[in-house]
Every structure is written in structure tokens, then in C-alpha cells.
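A.B. asks: Take a look at the following structure, please.
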Amino acid sequence: MRRFDLSLYLVLDPELCRTIGMVETARLAMHGGATMVQLRDKQATTAEMIATGLELKAALAGTGVPLIVNDDVEAALAIGADGIHVGQDDMAAVAVRERIGDLMLLGLSVETEELARRVDPAIVDYVGVGPVFATDTKPDHKPPVGFDGLARIVALLPVPAVAIGGVRSEHAGRIFSAGARGLAVVSAICGQTDPEAATKAISAEIVRARQ
Ligand code: TZP
Ligand code: MG
């Protein structure tokens, strides 16, 4: 299995990134210290996901920052992405693993302790836990878990976790204290006036939080 670093995980959003676009946002965030990038576009067709994904792959080539594709397994395979991320209502993790083989990363969203108990480390590489806070970025999100819920869920997980949902740089300390390995953010980077500076600021808080 590939190595990966969940510490600053950028999840792209086409609307929030519309001023400079998802590819340029990812490039700037990578320069600012993002350690993973996810292409997430709920409206896109598979062909559109592939087109954007290939551009992202080229932008991230040689950086060691893995490109993860949200939901669309066929797009992830066509892009030659480093991984795929699915939610509980998407294709079942076991079926995704069968389709992608052993080499690609597989991330799964987990919102409750019950779901955390069901995660199979033979199938899933990492889990996204949240939302930590309510967020406008995902209108249909599940109830927020807060830092205490995050800690309870993380304690039950057999794989590393990244916290998502309303996450900002000032939360880094409490997120790492809860046992998560990183911060997954959309609006804290996408659509910020200076996405590179925003990423650097989060990255600096992460370094401080881990000391
Ligand atoms: N899954 C749970 S919350 C969320 C996703 C994709 C959106 C997080 O966005 P933001 O802007 O970082 O709150
Ligand atoms: Mg999904």
C-alpha cells in the first residue's frame, strides 16, 4: 500500500474555487503545504471528472501529493488517480476495493461510532470523520460530531482519520488531541483570496499543534 500524509488534505469544490479554478487552487495549495488533494465535483459527468482529474494529475506530478477522486470509481481509474474516496451512500467500500485493486488508496466517510466499528482495515486505508462542525459547503451533511465525537469515533477506528467539516487552522490542536492525523478543508482554502497563504497558515498551525 502507498504511503500517504493526511495532515493537510484539500478537498476541492468547483463553486468555491471558481475564481481561479480547481487546478490552480490545487497547485497553490500544494506550494503552501497541502499533503493530499481530492477532486470533488458532485455535478460533473464522468467525462468532466476525467478531464479535470488529468489536469490535476499533471499539476501534482512529481510532488508526492496524492490525487484522490471523490465517488466516481471509473473516473479515478481512467485518470490513474492515487486513490478514491467514497461516502456511506456511495458504492460499497468492498466493491470499490475489488474494482481498484490493492495499489490505490481508498478513503471512506464515517459520521458515527456505529459506522466506525464497521470499518475494515483490509479494505479501507483512511477515514474522513465529520462533520466536526456544521458547514455550508455540504448542505446535506450529517449532524456535527464536535471534538468529543471526533475523539470517540477516532478511538474506534482501525485506520488513520482526517477531520472534516468547518475545520479551520485554529482547530488543529484539538483535532490532533482527538487522535485524528489531519485536517480536511474545503472553504478554508478554496475561494480564499490567497489560497497559498491560507494553506501555509494552516500548515504552520499543524506544525505547532504536533510539537
Ligand atoms: N464532508 C463532510 S463536511 C464536508 C464534506 C465534503 C465539507 C467541508 O467543507 P468545509 O468548507 O471545509 O467546511
Ligand atoms: Mg460521496
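The values are calculated or read from the model by the stated rules, or taken from the named source; none is laboratory data. None of the values given here were measured: they were computed from a predicted structure. A quick note on method: Cβ atoms are made from the backbone with ideal geometry, for glycine too, and the neighbour counts reach across all protein chains shown. Surface areas here come from the heavy atoms of the whole protein model, side chains and all, with no ligands, DNA or RNA. Shrake-Rupley method; radii C 1.70, N 1.55, O 1.52, S 1.80 Å.
A.B. asks: Where residues in the stretch 37-64 are closer than 15 Å to residue 17 by Cβ and of a type in the set (D, E, K, R), which of them is farthest from ligand 2 (Cβ to nearest atom)?
C.D. replies: Per the criteria, the residue is 55.
A.B. asks: Turning to a different aspect of this structure: Identify the residue in the stretch 126-146 that is among the charged types (D, E, K, R) and within 16 Å of ligand 2 (Cβ to nearest atom) and, among all such residues, is most open to solvent (accessible area, probe 1.4 Å).
C.D. replies: From the stretch 126-146, those among the charged types (D, E, K, R) are 136, 138, 140, 142; that's our starting set.
Imposing the further condition that a residue be within 16 Å of ligand 2 (Cβ to nearest atom) reduces the set to 138, 140, 142.
Values: 138: 77, 140: 111, 142: 87 Å².
So, considering only residues that are among the charged types (D, E, K, R) and within 16 Å of ligand 2 (Cβ to nearest atom), the one most open to solvent (accessible area, probe 1.4 Å) is 140.
A.B. asks: Pull out all pairs, ordered by first then second residue, where Cβ-Cβ is under 8 Å, the residues are six or more apart or on different chains, the first lies in the stretch 182-201 and is closer than 17 Å to residue 136 by Cβ, and the second is aromatic (Phe, Trp, Tyr).
C.D. replies: Partner pairs satisfying both residue conditions: 184/9; 185/9.
A.B. asks: Would you check which residues across the stretch 80-110 are free of Cβ contacts under 8 Å to residues at least 60 places away in the same chain, open to solvent by 30 Å² or more (accessible area, probe 1.4 Å) and of a type in the set (D, E, K, R) and list them?
C.D. replies: 89, 90, 98, 99
A.B. asks: Still on this structure: Considering only the stretch 147-165, how many residues are open to solvent by 30 Å² or more (accessible area, probe 1.4 Å) and assigned to a strand (DSSP E or B)?
C.D. replies: 1
A.B. asks: Could I ask something else about it? Between a first residue in the stretch 133-156 that is at pLDDT 95 or above and a second residue that is part of a helix (DSSP H, G or I), which pairs have beta carbons less than 6 Å apart while being 6 or more apart in sequence or on different chains?
C.D. replies: 147/174; 152/113; 153/113; 153/116; 156/113; 156/116; 156/117
A.B. asks: Shifting gears a bit: Which members of the stretch 113-146 meet the condition of being out of contact with any Pro (no Cβ under 9 Å at 6 or more places or on another chain), under 15 Å from residue 89 (Cβ atoms) and in a loop (DSSP other than H, G, I, E, B)?
C.D. replies: Correct list: 118, 139, 140.
A.B. asks: Could you grab me the full set of residues in the stretch 36-54 that are open to solvent by less than 20 Å² (accessible area, probe 1.4 Å) and among the polar types (S, T, N, Q)?
C.D. replies: Correct list: 38 only.
A.B. asks: Keeping to the stretch 43-66, report how many residues are within 23 Å of residue 94 (Cβ to Cβ) and within 17 Å of the chain's Cα centre (by Cα).
C.D. replies: Matching residues across the stretch 43-66 total 2.
A.B. asks: Could you check the stretch 166-187 and list, in sequence order, the residues that are open to solvent by 10 Å² or more (accessible area, probe 1.4 Å) and within 9 Å of ligand 1 (Cβ to nearest atom)?
C.D. replies: Correct list: 166, 168, 186, 187.
A.B. asks: Would you pick out the residues in the stretch 123-140 that are near ligand 1 (Cβ under 7 Å from one of its atoms) and closer than 16 Å to residue 113 by Cα?
C.D. replies: 128, 130, 131, listed by residue number.
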